[in-house]
Amino acid sequence: MQVNAVKLVYFSPTGATRKVLQNIAAGMQAVQVDEINLTPPDADSREIAQLGHELTVIGMPVYAGRLPVQAAARLRRLRGDHTPAVLVVVYGNRKYEDALVELVDLSQAAGFVPVAGGAFIGEHSYTSAEKPLSAGRPDADDLAQAAQFGKGIRTKLETIHSLEDLPPLVVPGNRPYKPLKPSDDITPETDEMLCTLCECCMKVCPTAAITINDRVETNAAKCIVCCACIKVCPTEARIMRDERVLKIANWLYEDYAARKEPEIFL
């Protein structure tokens, strides 16, 4: 099989997952690379995308060992046609647990054929200057490994005539999956002394949880605590003060500081 066109499909509030996928595609050296961005809120309602036989790289972040509920729902709106797929999860240096096997199952149900998988590390949503959690990742080494992964995928596919020549993709994870983390009322807050009402936070929110009139308001029922609003705020007005999050961040900083490397499954 020749790899001439690649489609990137991703949910990537902070850009880490997209960056990994772009480097995987670069390693494949495809002539044409297109993207389907499932991050904006309109992905819930836009026309369902139908994919053909071009290689598709699907990337999702990991939240507490699972795929984000909103991301999974948006991926279900895609339709493959026996479409070869590379499946990638990006996690914050703790564990990706059942997220990758969940992505395998989800993609197969949508008409894709998994041909390779990967787990890469991105900067954790709860990172801060005081408690850096996989800060700056994916870094240059991660992205080089992503490109090398892309080369390996291309080589693998060039050695077969059809997808039926491949054995089923096996990745770590459990079925049934670990329970989803219960929803709660945690959201980032806004320091109104620093806020300029620039709307950057509102524009980057993947679930339209933020509205702005004379102040910034966050709908806790919609917020997925991706913390994209914190990362994009030009005045550092968006902050996380919730004691539950600060406790988790401290635990991660103490127990999961050792660098982990990407894992690939070819």
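The values are calculated or read from the model by the stated rules, or taken from the named source; none is laboratory data. Predicted model, so just to flag it, every value in this text is computed and none were measured. For neighbour counting, all protein chains shown are included, and Cβ atoms are generated from backbone atoms with ideal geometry for every residue, glycine included.
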message: Given the criteria out of contact with any strand residue (DSSP E or B) (no Cβ under 7 Å at 6 or more places or on another chain), surrounded by fewer than 23 Cβ atoms within 10 Å (Cβ to Cβ) and modelled with pLDDT under 95, does Gln2 qualify?
response: yes
message: Quick check on Thr196: is it of a type in the set (Val, Ile, Thr), more than 16 Å from Cys233 (Cα to Cα) and either in a loop (DSSP other than H, G, I, E, B) or touching a residue at least 40 places away in the same chain (Cβ under 8 Å) (or both)?
response: no
Of residues in the stretch 252-266 being part of a loop (DSSP other than H, G, I, E, B) and not hydroxyl-bearing (Ser, Thr, Tyr), the one nearest to Val101 (Cα to Cα): Leu266
- prompt: Of the residues that make up the stretch 113-124, is at least one among the β-branched types (Val, Ile, Thr) and either under 30 Å from Val232 (Cα atoms) or modelled with pLDDT under 95 (or both)?
  reply: yes
Which listed residue is under 10 Å from the mean Cα position of the chain (by Cα) and touching a residue at least 60 places away in the same chain (Cβ under 8 Å), from Pro61, Pro40, Pro84: Pro61
- prompt: Within the stretch 207-224, is even one residue surrounded by fewer than 13 Cβ atoms within 10 Å (Cβ to Cβ), of a type in the set (Val, Ile, Thr) and either in the same structural domain as Val69 (by TED's automatic domain parsing) or assigned to a loop (DSSP other than H, G, I, E, B) (or both)?
  reply: no
message: Condition check: outside any loop (DSSP other than H, G, I, E, B), in the same structural domain as His53 (by TED's automatic domain parsing) and in contact with a strand residue (DSSP E or B) (Cβ under 8 Å, 6 or more places away or on another chain). Does Leu143 satisfy that?
response: no
query: Going by the structure shown, is Thr127 at negative phi and in a loop (DSSP other than H, G, I, E, B)?
result: yes
- request: Can you give me the number of residues within the stretch 133-189 that are farther than 26 Å from Gly80 by Cα, of a type in the set (Ser, Thr, Tyr) and exposed (fewer than 15 other Cβ atoms within 10 Å of the Cβ)?
  value: 1
message: Give me the residue from the stretch 33-76 that is modelled with pLDDT of 95 or more and among the polar types (S, T, N, Q) and, out of that set, farthest from Gln145 (Cα to Cα).
response: Gln70
task: Within the stretch 127-140, work out how many residues are in contact (Cβ under 8 Å) with a residue 12 or more places away in the chain and either more than 16 Å from Val89 (Cα to Cα) or not charged (D, E, K, R) (or both).
output: 9
